[in-house]
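Peer 1: Dropping a structure here in structure tokens format, bear with me for questions.
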Amino acid sequence: MNTIDQNLKALLDERFPQSTDRLFEGASFKEAGMDSMGVVEFIVALERQFGTPTLNGNELGAESTLQDARDLLTSVGVG
């Protein structure tokens with residue numbers, strides 16, 4: 001497991017433990033049981049965890065996956 005995945009797993013285990021396994025299996029946030037407010041909370045947690053610039057909240061949605069989050073982090077220089 002790479003560093004980004006380790007950090008994502010720790011973040012998810014802390015804030016969304018019921019969703020962690022499903023997200024790592026490729027489920028969308030919605031399929032993993034996260035509502036739109038959960039996705040927003042996840043985006044804020046990403047900003048804090050990875051020290052990213054402020055994200056506008058439109059980068060990820062309920063149909064997004066953990067791979068989309070990885071791609072977003074890479075696009076802002078994390079990794």
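The values are calculated or read from the model by the stated rules, or taken from the named source; none is laboratory data. The shown structure was predicted, so the numbers you read here are calculated from the model rather than taken from an experiment. Every residue, glycine among them, receives a Cβ derived from its backbone with ideal geometry; neighbour counts consider all protein chains shown. All accessible areas refer to the heavy atoms of the entire protein, side chains included, with ligands and DNA or RNA removed. Shrake-Rupley method; radii C 1.70, N 1.55, O 1.52, S 1.80 Å.
Peer 1: What ³J(HN,Hα) values, in whole Hz, does the Karplus curve 6.51 cos²θ - 1.76 cosθ + 1.60 give for the stretch 3-20 when θ = phi - 60°, with x put for Gly and Pro?
Peer 2: 4, 4, 5, 4, 5, 5, 5, 4, 5, 5, 4, 6, 9, 9, x, 6, 9, 3
Peer 1: Right, next: Across the chain, where is the longest run that never hits GluC sites (Glu not before Pro) in a DSSP loop with at most 11 other C-beta atoms within 10 Å?
Peer 2: Details: sites that count: E25, E63.
For GluC sites (Glu not before Pro) (loop position, at most 11 other Cβ atoms within 10 Å), the longest site-free span of the chain is 26-62.
Peer 1: Further question on the same structure: What percent do you get for the relative contact order of the chain when only Cα pairs under 8 Å and 6+ apart count?
Peer 2: In percent, rounded to a whole number, it is 33.
Peer 1: If every alpha-carbon in the chain counts as one equal scatterer, what log10 I(q)/I(0) does Debye give at q = 0.22 1/Å?
Peer 2: Listed by q, the Debye log ratios stand at -1.01.
Peer 1: Each label point is 7 Å from the Cα along the Cα-to-Cβ direction; what then is the distance between the points at S75 and D13, in nm?
Peer 2: For S75 paired with D13, the spin-label model returns 2.9 nm.
Peer 1: Which whole-Hz ³J(HN,Hα) couplings does the stretch 33-46 yield from phi under the Karplus relation 6.51 cos²θ - 1.76 cosθ + 1.60, θ = phi - 60°, glycine and proline marked x?
Peer 2: Couplings: x, 9, 8, 4, 5, x, 5, 4, 4, 4, 4, 4, 5, 4 Hz.
Peer 1: Carbon-plus-sulfur fraction of the accessible area of the chain, 1.4 Å probe, in percent? Write down the numbers at each step before the final one.
Peer 2: Details: 2040 of 4470 Å².
Its accessible area is 46 percent carbon and sulfur atoms.
Peer 1: How many Å² of accessible area per residue for the chain, probe 1.4 Å?
Peer 2: 57 Å²
Peer 1: For the stretch 65-79, take each phi angle, set θ = phi - 60°, evaluate the Karplus expression 6.51 cos²θ - 1.76 cosθ + 1.60, and give the result in whole Hz per residue in order, putting x for glycine and proline.
Peer 2: Taking θ as phi minus 60°, the curve returns 10, 5, 5, 4, 5, 4, 4, 4, 4, 4, 5, 9, x, 8, x Hz for the stretch 65-79.
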